[in-house]
């Protein structure tokens, strides 16, 4: 029996992704920007570091022949985010994807967290993500097509980690709930929403926190026998924002080398 024809695609050949927190030299956001540019996406990159963000945009744009814009903005500043998203809508191809990667960590134990530290983490990781997502989703809804990916953390699922304590874990857990709710609310508008929860990834933050003894312990408990790379995360994100992921929404992809089963 012949299979039914694959449904016609309205996924645009020229398309744009917004990636927040893309400036860190060895960070996940930069790896995502490189991977999406390699796949032909135009990019609007948002980070607080103006020089680094502009440099990343120029580098990925030149390397892969795509249009990439770097915007210096603090995602807790609604007006700054609105200006950045409007620029993507005005200057780049159709906005299809948003990767909410920007975030801050907090190693402060729960009994020592003061209100200022709590608000610092929640304002960036949760409220800032809300700003970018709502503004971008309005454009996606207008076009009846969108892909939203929140970068959460294994810390949100395991209850803390190597350097993330209560404020960090709570904010990252909230991103999981946000994505699932967006999947319900925005699905009828053609928008999917998913999360990626990285485990032990070789970034500047991880490298600065891990002692040799702690790294050896982590490697012993990981079934794959190695710490993850930023490219491991970027590959999953690239799939979730792509054309073939249109029937996947409201899920969390754990990129952790099997730590949850260790």
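The values are calculated or read from the model by the stated rules, or taken from the named source; none is laboratory data. These numbers were taken from a predicted model, which means no experiment stands behind them. Ideal geometry is used to build each Cβ from the backbone, glycine not excepted, and the neighbour counts take in all protein chains shown.
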Check your understanding: residue 4 is checked against (1) within 27 Å of residue 152 (Cβ to Cβ); (2) at pLDDT below 95 and fails just one. What number does that condition carry?
Key -> (1)
Revision key, fill the gap. Checked against (1) surrounded by 15 or more Cβ atoms within 10 Å (Cβ to Cβ); (2) closer than 21 Å to residue 182 by Cβ; (3) in contact with a helix residue (DSSP H, G or I) (Cβ under 9 Å, 6 or more places away or on another chain), residue 143 satisfies every condition except (3)
Review point. What pairs can you find where one residue is in segment 177-192 and at positive phi, the other is part of a helix (DSSP H, G or I), and their Cβ atoms are less than 9 Å apart, with a gap of 6+ or different chains?
Key: 190/140; 190/141; 190/143
Practice item. State whether one or more residues within segment 92-100 are assigned to a loop (DSSP other than H, G, I, E, B) and either out of contact with any strand residue (DSSP E or B) (no Cβ under 6 Å at 6 or more places or on another chain) or within 20 Å of residue 192 (Cα to Cα) (or both). Key: yes
Study note, to complete from the structure: Within segment 230-248, the residues that are assigned to a loop (DSSP other than H, G, I, E, B) and under 15 Å from the mean Cα position of the chain (by Cα) are 241, 242
Check your understanding: Any residue at all in segment 95-105 that is in contact with a helix residue (DSSP H, G or I) (Cβ under 6 Å, 6 or more places away or on another chain), more than 15 Å from residue 178 (Cα to Cα) and exposed (fewer than 15 other Cβ atoms within 10 Å of the Cβ)?
Key -> no
Exercise for review: Being surrounded by fewer than 17 Cβ atoms within 10 Å (Cβ to Cβ), out of contact with any helix residue (DSSP H, G or I) (no Cβ under 7 Å at 6 or more places or on another chain) and modelled with pLDDT of 95 or more narrows it down to one of 116, 54, 88, so name that one.
Suggested key: 116
Check your understanding: Among (1) at pLDDT 95 or above; (2) crowded, with 24+ Cβ neighbours inside 10 Å; (3) not in a helix (DSSP H, G or I), which single condition is residue 71 missing?
Key -> (2)
**Study point:** Cβ pairs under 7 Å, 6+ apart, first in segment 120-134 and in contact (Cβ under 8 Å) with a residue 40 or more places away in the chain and on the phi < 0 side of the Ramachandran plot, second surrounded by fewer than 20 Cβ atoms within 10 Å (Cβ to Cβ) and part of a helix (DSSP H, G or I)
**Key:** 126/174; 131/78
Check your understanding: In segment 106-165, what residues are in a loop (DSSP other than H, G, I, E, B) and within 25 Å of residue 245 (Cα to Cα)?
Key -> 144, 145, 152, 153
Revision key, fill the gap. In segment 30-53, residues that are under 17 Å from residue 80 (Cβ atoms), assigned to a helix (DSSP H, G or I) and in contact (Cβ under 8 Å) with a residue 12 or more places away in the chain total 3
